[in-house]
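Let me begin by presenting the structure, written as structure tokens, before commenting on it.
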Amino acid sequence: MRILGVSCYYHDAAAALLANGLLVAAAEEERFTRVKHDFSFPERAIAFCLRQGGIRAADLDFVVFYEKPFSKFERLMLSTLQTFPRSWRVFREAMLAWLGDKLWIKSRLQEHLGVVPDKILFVEHHLSHAASALFCSPFAEAAILTIDGVGEWTTTALGRGKADWDGRGRNEILLQEELRFPHSLGLLYSAFTAFLGFEVNEGEYKVMGMAPYGEPTYAEKIHRLIDVHRDGSFQLDMSYFSYHYHPERAFNGKFDAVFGRARHPKARFVTNKTSRYDDPDPPSLEELTQNQYYADVAASVQRVTEEVLLKMARHLYETTGLKRLCLAGGVGLNSVANYRLLRETPFEELYIQPAAGDSGGAIGAALYAYHVLLGRPRKFVMDHVYWGEEYGEQALHEALSEKGVRAELLDEEPLLDRTVEALIQGKVVGWYQGRFEWGPRALGNRSILADPRSEKMKDIVNIKIKFREPFRPFAPSVLAEKAEAFFDIPEAARHYPARFMLYVVPVKKGDVIPAVTHVDGSGRLQTVHREVSPRYHRLIEKFAEATGVPLVLNTSFNLKGEPIVATPQDALRTFYKSGMDVLVLGNAIVRKDR
Ligand SMILES: [Fe+2]
């Protein structure tokens, strides 16, 4: 039984292949096309899934799309008509896009894959999200919370699900409560993302990174925009927003009147707490004051988001009585909030699928079809993210010789020793191994690594390597069995979200690992497990033997504004365009100083 899951036409397009209930491949289209957040029809991701599965499209039993295009079309029609004529631009653009392409996804899939219409299924957007968490989790039963910008109509869904392991019970997902467009926590966060000068659907992480520089002093002001009830349900006061009728602006003049001038996208972010590495132009008092204000706004919207999530989760616990929680939707990537859900609600365990946003819908749709629509029992837990393409030794060597690059080929032990040596010497290392990651985080197969013990490493990697905003924190990859010594997360190895870098937790020895400790003393850890990433685990083990510190700084292998690298060619290009010192490509080491 082979099922292809597809998501596209909104945020991140992706495809995933299930064979008899086991995940074979999953990838986002952007990795292949090199267009960040590519949402177009995922031709290349689909081709990869079929290639990885060793099958042709004709061998597929079902193709499942992650939402119901007609419901979504109805939502767009009605919501733009309700705000007409203000919404005429949204209306016009939506009609062009939908009548041209989106509505006809079924025929597109049929044509592209040559499958009969009966094989094409549609699953509702939030059910796809819910299934992507529940059926990837190890839980047989769990409460489910899905929150995103918006799916068809739903922006938040609360419910429960059963995921049967032995074939005797029933698999089901019941989403009992929901909030509907335009009332959306994701869109509220996105409106502030835009206000703070970042790109919507891209800069939400930056708001989360900016928040620790501020205090949530404007939380009360934000509560003017959102009326939160005891159970976490809420209503937005739409008179402050324009995303429901304007194609580019998320908020309007009334919002400006409360929060003042939006931050300029090109403005630098400097406060008394941001670092001053290589800064020839010290900020004026006015610049500092203005930036502190934006940091406080970021802290406030983050705080309000956390409060709403906590209320919803507590309500969900009360109504289901279940001890485990599955979280999905883009808001599930808010790793600061996730850890608070673990620590401050009665839920004992959380599972968050690493591609919690819309790309994850591809896996969720396929799993929903297999387990719920077809009633097949569980077989699979997603305990790692290495579901993308591997290019093989041959391809690595070809890429090196195409570029005329001299590389040293080594066996694993000396290869790792050399890498550790380079890290200790303060070099920044590109680390490229195996299959690329599924979801937005690089977790040790397409990573840039550095020594976490050096304070200045943060600035070096931020400014010289990634050319990104200097205030953003870096994450540590830590041996799962040693994580408690450095991070406040009891039984760290047990928590799946920590494998996927989805918890931000207090750091215990921030002075020992300043490069991965954020300004508020927190760190977004990735626990590394020997059985799923043996080589990466061994590397960190060797780093620990040499330094006593069982973790490395890990950031995604890409330049600012580009998707994470996929092919060895992408890796070499990025290596030479950036200030990285060493590149480990499979078993080959490339150094710039040679
Ligand atoms: Fe979504």
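Figure the gain on full extension for residue 512 and residue 248 (residue separation times 0.36 nm, minus the Cα-Cα span) and round it to one decimal in nm. List each step's numbers first, then the result.
Details: separation 264, 0.36 × 264 = 95.04 nm, distance 4.43 nm.
Length gained between residue 512 and residue 248: 90.6 nm.
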Quiz item: Roughly what % of DSSP beta bridges within the chain run antiparallel, to the nearest 5?
Solution: 70
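Around residue 300, under 13 Å between beta carbons, what's the net of Lys plus Arg minus Asp minus Glu among the other residues? Before the final figure, lay out the partial values.
On the way: positive: 221, 224, 303; negative: 215, 220, 296, 306, 307.
Here the charged neighbours net out to -2.
Given a cut-off of under 8 Å on Cα pairs at least six residues apart, what relative contact order in percent is computed for the chain? Show your work: numbers first, answer last.
On the way: 1308 pairs, mean separation 97.0, N = 594.
Worked out over the chain, it gives 16 percent.
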Quiz item: Any idea of the accessible area per residue across segment 302-395, 1.4 Å probe, to the nearest Å²?
Solution: 30
Quiz item: Between residue 58 and residue 576, what is the label-to-label distance in nm when each label sits 7 Å out along the Cα-to-Cβ direction?
Solution: 4.3
Quiz item: DSSP H helices in the chain with Cα extent of 30 Å or more along the helix axis and mean Kyte-Doolittle hydropathy at least -1.0?
Solution: 285-320
Quiz item: Can you tell me the accessible area per residue over segment 96-224, all protein chains present, probe 1.4 angstrom, in square angstrom?
Solution: 38
Practice problem: Excluding residue 233 itself, calculate the net charge of residues whose Cβ lies under 10 Å from the Cβ of residue 233, where each Lys or Arg counts +1 and each Asp or Glu counts -1. | Solution: -2
Quiz item: Once both labels are modelled 7 Å past Cα along the beta-carbon direction, what's the residue 546-residue 119 spacing in nm?
Solution: 5.1
Self-check item: Magnitude of the charge dipole, the chain, Cβ model with Lys/Arg +1 and Asp/Glu -1, debye to 20
Solution: 460
Quiz item: In nm, to one decimal, how far is the residue 379 label point from the residue 310 one, both placed 7 Å along Cα→Cβ?
Solution: 4.3
Quiz item: Treating the beta-carbon of each Lys and Arg as +1 and of each Asp and Glu as -1, no other charges, what is the dipole magnitude of segment 459-530 about its Cα centre, to the nearest 20 debye?
Solution: 300
Exercise. Using R₀ = 41 Å, calculate the FRET efficiency as 1/(1 + (r/R₀)^6) where r is the Cβ-Cβ separation of residue 403 and residue 424; round to 0.05.
Key: 0.90
Practice problem: Using Cα centres only, tell me the gap between segment 561-587 and segment 228-242 in whole Å. | Solution: 44
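Leaving out ligands, DNA and RNA, what percent of the accessible area of the chain is carbon and sulfur, probe 1.4 Å? Don't skip to the end; give the middle numbers.
On the way: 11270 of 22280 Å².
Answer for the chain is 51 percent, counting heavy atoms of protein chains only.
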Quiz item: Can you work out D for segment 444-594 in µm² s⁻¹ from Stokes-Einstein, where Rh is the Kirkwood radius over C-alpha pairs, the temperature is 4 °C and the viscosity is 1.567 mPa s?
Solution: 83
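How many Å² of accessible area per residue for segment 439-548, probe 1.4 Å? Present the calculation step by step, with values, prior to reporting the outcome.
Numbers: 3540 Å² over 110 residues.
For segment 439-548, the per-residue accessible area is 32 Å².
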Practice problem: Round to the nearest 0.05 the FRET efficiency obtained for residue 140 and residue 178 when R0 = 35 Å and r is the Cβ-Cβ distance. | Solution: 0.90
Quiz item: Using the alpha-carbon centroid of each, what span in Å lies between segment 475-552 and segment 359-396?
Solution: 26
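The values are calculated or read from the model by the stated rules, or taken from the named source; none is laboratory data. Quick caveat, the model's predicted, so the values are computed rather than measured. Note that we place each Cβ from the backbone using ideal geometry, even for glycine, and neighbour counts take in every protein chain shown. For the accessible areas, the whole protein counts, side chains as well, though only heavy atoms, and no ligand, DNA or RNA atoms are used. Shrake-Rupley method; radii C 1.70, N 1.55, O 1.52, S 1.80 Å.
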